[in-house]
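Take a look at the structure below.
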Amino acid sequence: MELSVAAAHVLGDAGAFTVGAGDMAGVGAAGSAAGRGRPVAVVGRDPRASGEFLEAAVVAGLASSGVDVLRLGVLPTPAVAYLTAALGADLGVMLSASHNPAPDNGIKFLAKGGYKLPDTVENEIEERLGERWERPAGSGVGRVHEAYGEADRYIAHLLTTLPVRLEGINVVVDCANGAAHTVAPEALVRAGATVEAIGARPDGLNINAGYGSTHLDRLQQVVVSRGADLGVAYDGDADRCLAVTHEGEIVDGDQIMAILALAMHAKKELVKDTVVATVMSNLGFKIAMRGAGLNVIETAVGDRYVLEAMKAGGYNLGGEQSGHVLLLDHATTGDGLLTSLHLLAEVARQGRSLAELASVMTRLPQVLINVKGVDKAKAAVSAELAAAIGRAEDELGETGRVLIRPSGTEPMIRVMVEASSEAMAQEIAGRLAETVRATCS
């Protein structure tokens, strides 16, 4: 069975199905299932309440399509990606809405090897959703096995990637009441750190609510009040990580990439002395990398585009300002827990504070204005807008930049300006936003 067909059946009719009981798990289950000639899928989820019944529907759809299923339980997206490869599965499924609130949910598919599906495969799945097919019966249906113990395999893998132990580091970890609430504190403790966890009591409804990488206020307060060395925060499915210094200052994805890039370069581990980032990365990051003699390749916004560029060029470090960091020597996707472990490892290895390490780059003030209710297509053809952008770029010179980007999903144009001062960034961004409203309405 083609993987695209199996994936399509997940979203198709999950009606009558037969599920066998079994206690196989891990490689034994995958190997046994593969020996019978059936595809194998692993299924994980974050702790949203809706994930419980969405998981049941997905597992039913897979098994009724003739796919053996290993049910992983609550685990981060990168853990599911790793286990898809480690267990030799043909397909990985993660049920999560990432950093979004609890009422939202979604399905992420991972191909064999643990990589996100390319656009072409996703399009094929959509095209085949209404396709007629003959459902297997009897011995042809898949079997469902619990594999909750595989979380330890993921943690063990993460620990093998660390260059040093983390003894002596006192860290506060914010799990966003999400998928990493168990594995993240355990991994950090097993790595040697002293850990205080917050946002680690999910109830199915509180994921990302006031905690996590999109709500750093509480982490900042706890780090400062406890006198911790630093704090790290994940989002709901833990594929991204941001950090906080001992003084409560935020360290974003650009700064984390800068720290890791310089460390990897010093150890001669940074492939082609190149980092892959998106067009939204701060100009300060690019200036810092250029000053260190490193190259930066830019992609469209989205970690999938970063990954595509990394795979095409053979690069091993890339990411986004939002905290999606890809360390392809150790993972197939952005992994917040892996990122935090390697960030802490640099603090331990160099014997310097996170604030000192983050000072390798200076973030330029960045202002983003979303201009809503406009015709996105007009932005590319407006001579008046092009002229306004040109004047702004001349005004900024080499100490700033302008990015006008239509939203991919909404009738909205994003205006982003970086400048040497907040006041200049605000003034130029506001001026350009008004030009967008006037020329693209």
Please identify the GluC sites (Glu not before Pro) of segment 52-138 that satisfy two criteria: DSSP loop assignment and at most 14 other Cβ atoms within 10 Å. Which are they? Glu131, Glu134
Shape call, segment 75-157: gyration tensor on alpha carbons, a/c limit 1.5: oblate
Summing -39500 (n - 2.57) over the DSSP H runs of n ≥ 4 in the chain and dividing by its residue number, what mean residue ellipticity at 222 nm do you reach, to the nearest 500 deg cm²/dmol? -11500 deg cm²/dmol
In debye to the nearest 20, the charge dipole size for segment 201-339, taken about the Cα centre with +1 at each Lys and Arg Cβ and -1 at each Asp and Glu Cβ, equals 300 debye
Over the chain, calculate the relative contact order: mean separation of alpha carbon pairs under 8 Å at least 6 apart, over the residue count, as a percent. 13 percent
Checking the a/c ratio against 1.5 first, then a/b against b/c, what shape does the Cα gyration tensor give for the chain? oblate
Convex hull of segment 263-332 built on C-alpha atoms - directionally averaged projected area, nm²: 4.3 nm²
Using the Cα centre as the reference, give the magnitude of the dipole from point charges on the C-beta atoms of segment 280-361 (Lys, Arg: +1; Asp, Glu: -1; all else neutral), rounded to the nearest 20 debye. 180 debye
Using only Cα atoms, tell me the angle between helix 253-266 and the longest principal axis of the chain; keep it within 0 to 90° and round to the nearest 10. 90 degrees
So how strong a dipole does the chain carry about its Cα centre when Lys and Arg Cβ are +1 and Asp and Glu Cβ are -1, to the nearest 20 debye? 460 debye
Going highest first, how would you order 320-326, 406-412 by mean Cβ packing within 10 Å? 320-326, 406-412
Proximal charge balance of Phe285 [Cβ under 13 Å; K/R count +1, D/E count -1]: -1
Trypsin sites (Lys or Arg not before Pro) restricted to segment 66-129 and DSSP loop, no more than 16 other C-beta within 10 Å: Lys112
Which whole-number percentage describes the relative contact order of segment 192-291, with Cα contacts under 8 Å and a sequence gap of 6 or more? 16 percent
Ranked by how many other beta carbons lie within 10 Å on average, peptides 159-166, 90-97 from highest: 90-97, 159-166
When only C-alpha pairs under 8 Å and at least 6 residues apart count, what is the relative contact order of segment 319-389, in percent? 13 percent
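Every read-out reported here was derived from the displayed coordinates using simple, explicitly stated rules and does not represent laboratory data. Just so you know, these numbers come straight off a predicted model, no measurement behind them. Ideal geometry is used to build each Cβ from the backbone, glycine not excepted, and the neighbour counts take in all protein chains shown.
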